[in-house]
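*Asks:* Below is the structure I would like to discuss, written out as structure tokens.
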Amino acid sequence: MNDKLIIFDTTLRDGEQSPGASMTREEKVRIAKALERLKVDVIEAGFPAASPGDFEAVQAVANIIKDSVVCGLARALDKDIDRAGEALKGANRPRIHTFIATSPIHMQMKLQMQPEQVIEYAVKAVKRARQYTDDVEFSPEDAGRSNEDFLCRILEAVINAGATTLNIPDTVGYSVPQQFGATIANLIRRIPNSDKAIFSVHCHNDLGLAVANSLSAVMNGARQVECTINGLGERAGNASLEEVVMAVRTRKDVFTCQTGIDTREILTCSKLVSSITGFPVQPNKAIVGANAFAHEAGIHQDGVLKSRETYEIMRAEDVGWTANRMVLGKHSGRNAFKSRISELGFEFGSEEELNEAFARFKQLADKKHEIFDEDLQTLISEAGFEAEDEHVKLIALKVCSETGEIPNATVTLRVDNKEVTGNAEGGGAVDASLKAIEKLVQSEATLELYSVNSISNGTDAQGEVTIRLEKAGRIVNGLGADTDIVIASAKAYINALNKLHSPDQRRHPQKGDV
């Protein structure tokens, strides 16, 4: 078991490409710190050429992360690579990840290049990246639909040019495990200089096979897996980090490698990503879902009570479910609050920020008896949302819902520093509240998703509401939390409206799809 499996996390790059999952620089730094505590080997922090915001986020992560490799993505273009090199200048261990499409359909329809031109661009890109760092990764985009002979040619060429990691992406989730594993084995066997690079895989989940394809690749010689927390990613998502890691750890009889991940940090990291992105984890999600270690069937309960191994192949404690943790309450002091927030990966920039956060904590503690880590993470995330762009701010909300009567809501907002009040009726308290807000704002956005999730246990638990709005092709997610689900819904709707109001400067060249 001396063979190391490198875990490459792309939550901050590919995961952020989920519709509405954009993160601020501060949020990316928080997640990066959590990934570092998780002992992720490589953190892909973003696509520096995509926008000034992406550049700044990669730069911020590069300047603060010390133990993990920090990676920036770049097309096989000089300007992209130079931008990545500049963003990663402060990194302790920088990596540039460059890519170009290699499938016939991509080369012909998107790049409009001949195969020889593609090889030329790839080699030139790797050589330029080597001017900034010795750690260069290359990906042949849409490798899953590329000609194997051509893959061998281009990969041999980029190894000679200085690429140290070769990532084989199943960009559109088209592969199946046996075939994908065989492709990896063939590439390693056929490429003369394959021993000079680490083979990696990046699988998408369009057919629900991302983890299976990744593990098949590992069994056939791949020694890096690109994945995301909670399987986050565009379309159906990416391979789930927690599932890949725990499969390798649990089935040591099958996998001849091991990761360096501190699995006890998995759950905390999962909840942080869910809270920041507004993408709740489904209850039956493997490893991190609320039901992952729950047993209802009588025969299962009886077996587990007699011997845990009868129905549990992993210990809940090993992924962070029952780890001892400090539960805060209304009598907790500033030091206890600050200490726990720090352990969750957030540092206050000033005493004023600490005081504001502590005041929010005390307000929440007056509403509910016990404050859990999930509450604290949401509290900090909410503060970040409000600090961004408060084009619209909730001042007051009054709702009347009575049996036999049509619910109605009266809302007071501050819109561009002017207070306005309106009311509306609806099919329920939430419907009436959101209609009253829309009546005042007149955003004309379409509600694509309304989702409610309980942050912790108990009837006094905060409800976390995710709202997705679409307008003119732009999609944003809004997040709100409160012990009152109606207020949480109003907060989420306003959060989404504020995001729509902010200019969208992000652009994804080729979407960064690898």
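*Asks:* Give me the pairs: first residue in segment 52-68 and more than 8 Å from residue 91 (Cα to Cα) and aromatic (Phe, Trp, Tyr), second residue assigned to a helix (DSSP H, G or I) and open to solvent by 40 Å² or more (accessible area, probe 1.4 Å), beta-carbon distance under 7 Å, and six or more apart or on different chains, which are they?
*Replies:* From segment 52-68, the pairs are 55/83.
*Asks:* It is to be established whether one or more residues within segment 153-176 are at pLDDT 95 or above, hydrophobic (A, V, I, L, M, F, W, C), over 23 Å from residue 117 (Cβ atoms) and touching an Asp or Glu at 6+ places or on another chain (Cβ under 9 Å).
*Replies:* No, every residue in segment 153-176 fails to be at pLDDT 95 or above, hydrophobic (A, V, I, L, M, F, W, C), over 23 Å from residue 117 (Cβ atoms) and touching an Asp or Glu at 6+ places or on another chain (Cβ under 9 Å).
*Asks:* Quick one: how many residues across segment 73-86 are surrounded by fewer than 20 Cβ atoms within 10 Å (Cβ to Cβ) and under 21 Å from the mean Cα position of the chain (by Cα)?
*Replies:* 0
*Asks:* Related question: Residues that are without any contact (Cβ under 8 Å) to a residue 60 or more places away in the chain and surrounded by 15 or more Cβ atoms within 10 Å (Cβ to Cβ): find the strands (runs of 3 or more DSSP E) completely inside segment 438-496 holding 2 or more of those.
*Replies:* Once the strands (runs of 3 or more DSSP E) in segment 438-496 are filtered for at least 2 residues that are without any contact (Cβ under 8 Å) to a residue 60 or more places away in the chain and surrounded by 15 or more Cβ atoms within 10 Å (Cβ to Cβ), what remains is 446-454, 463-471.
*Asks:* Could you check segment 410-437 and list, in sequence order, the residues that are of a type in the set (Asp, Glu) and in a loop (DSSP other than H, G, I, E, B)?
*Replies:* Hit for segment 410-437 is 416, nothing else.
*Asks:* Right, here's the next one. Could you check segment 234-281 and list, in sequence order, the residues that are crowded, with 16+ Cβ neighbours inside 10 Å, among the hydrophobic types (A, V, I, L, M, F, W, C) and over 30 Å from residue 450 (Cβ atoms)?
*Replies:* The answer is 244, 245, 246, 247, 248, 255, 257, 261.
*Asks:* Consider residue 139 against the criteria (1) touching a residue at least 40 places away in the same chain (Cβ under 8 Å); (2) part of a helix (DSSP H, G or I): it satisfies all of them except one. Which criterion is unmet?
*Replies:* Of everything listed in (1) touching a residue at least 40 places away in the same chain (Cβ under 8 Å); (2) part of a helix (DSSP H, G or I), residue 139 misses just condition (2).
*Asks:* Restrict the check to segment 348-361 and report whether at least one residue is free of Cβ contacts under 8 Å to residues at least 12 places away in the same chain and among the aromatic types (Phe, Trp, Tyr).
*Replies:* Yes, some residue in segment 348-361 is free of Cβ contacts under 8 Å to residues at least 12 places away in the same chain and among the aromatic types (Phe, Trp, Tyr).
*Asks:* Please go through (1) outside any helix (DSSP H, G or I); (2) without any contact (Cβ under 8 Å) to a residue 40 or more places away in the chain; (3) open to solvent by less than 80 Å² (accessible area, probe 1.4 Å) for residue 123 and return the number of the only condition it doesn't satisfy.
*Replies:* Exception for residue 123: condition (1).
*Asks:* For residue 110, all conditions in the list (1) more than 25 Å from residue 225 (Cβ to Cβ); (2) without any contact (Cβ under 8 Å) to a residue 60 or more places away in the chain; (3) more than 24 Å from the chain's Cα centre (by Cα) hold save one; what is the number of the exception?
*Replies:* Result: residue 110 passes all but (2).
*Asks:* Pick from 15, 20: which is on the phi > 0 side of the Ramachandran plot and in contact with a helix residue (DSSP H, G or I) (Cβ under 9 Å, 6 or more places away or on another chain)?
*Replies:* 20
*Asks:* Given the residues 412, 421, which is the only one that is of a type in the set (Ser, Thr, Tyr), closer than 29 Å to residue 365 by Cα, open to solvent by 10 Å² or more (accessible area, probe 1.4 Å) and modelled with pLDDT of 95 or more?
*Replies:* 412
*Asks:* Answer yes or no: is there a residue in segment 45-56 that is in contact with a strand residue (DSSP E or B) (Cβ under 8 Å, 6 or more places away or on another chain) and among the hydroxyl-bearing types (Ser, Thr, Tyr).
*Replies:* Taking every residue of segment 45-56 in turn, none turns out to be in contact with a strand residue (DSSP E or B) (Cβ under 8 Å, 6 or more places away or on another chain) and among the hydroxyl-bearing types (Ser, Thr, Tyr).
*Asks:* Only residues that are at pLDDT 95 or above and polar (S, T, N, Q): list them for segment 26-81, please.
*Replies:* Residues satisfying the conditions are 59, 63, 68.
*Asks:* Does residue 6 meet the test of being of a type outside the set (Lys, Arg) and either within 26 Å of residue 259 (Cβ to Cβ) or without any contact (Cβ under 8 Å) to a residue 24 or more places away in the chain (or both)?
*Replies:* Considered against the rule, which asks whether it is of a type outside the set (Lys, Arg) and either within 26 Å of residue 259 (Cβ to Cβ) or without any contact (Cβ under 8 Å) to a residue 24 or more places away in the chain (or both), residue 6 comes out as yes.
*Asks:* I'm trying to understand the selection: among the residues of segment 388-409, which are crowded, with 19+ Cβ neighbours inside 10 Å and part of a strand (DSSP E or B)?
*Replies:* Of everything in segment 388-409, those that are crowded, with 19+ Cβ neighbours inside 10 Å and part of a strand (DSSP E or B) turn out to be 392, 394, 397, 399, 408, 409.
*Asks:* Just to verify a result, which residue in segment 320-347, among those that are modelled with pLDDT of 75 or more, part of a loop (DSSP other than H, G, I, E, B) and open to solvent by less than 40 Å² (accessible area, probe 1.4 Å), is farthest from residue 286 (Cα to Cα)?
*Replies:* The residue in question is 333.
*Asks:* Select from segment 87-114 the residues that are buried (at least 17 other Cβ atoms within 10 Å of the Cβ), assigned to a helix (DSSP H, G or I) and not aliphatic (A, V, I, L, M) and list them in ascending order.
*Replies:* 106
*Asks:* When you scan segment 276-307, how many residues do you find that are at pLDDT below 55 and either under 21 Å from residue 249 (Cα atoms) or part of a helix (DSSP H, G or I) (or both)?
*Replies:* 10
*Asks:* Right, next: Working carefully through the options 244, 273, 248, find the one that is in a helix (DSSP H, G or I), at negative phi, under 16 Å from the mean Cα position of the chain (by Cα) and modelled with pLDDT of 95 or more.
*Replies:* Among 244, 273, 248, only 244 is in a helix (DSSP H, G or I), at negative phi, under 16 Å from the mean Cα position of the chain (by Cα) and modelled with pLDDT of 95 or more.
*Asks:* Now for a separate question. Return the total of residues in segment 18-55 being closer than 26 Å to residue 164 by Cα and open to solvent by 10 Å² or more (accessible area, probe 1.4 Å).
*Replies:* So the count comes out to 7.
*Asks:* Among the residues of segment 56-72, how many are within 17 Å of residue 346 (Cα to Cα), β-branched (Val, Ile, Thr) and buried (at least 22 other Cβ atoms within 10 Å of the Cβ)?
*Replies:* Going through segment 56-72 one residue at a time, the tally reaches 2.
The values are calculated or read from the model by the stated rules, or taken from the named source; none is laboratory data. Every value quoted in this text rests on a predicted model; they were computed, and no experiment measured them. Please note: Cβ atoms are built from the backbone with ideal geometry, for glycine as well, and neighbour counts cover all protein chains shown. Areas reflect the complete protein model, heavy atoms only, side chains present, ligands, DNA and RNA absent. Shrake-Rupley method; radii C 1.70, N 1.55, O 1.52, S 1.80 Å.
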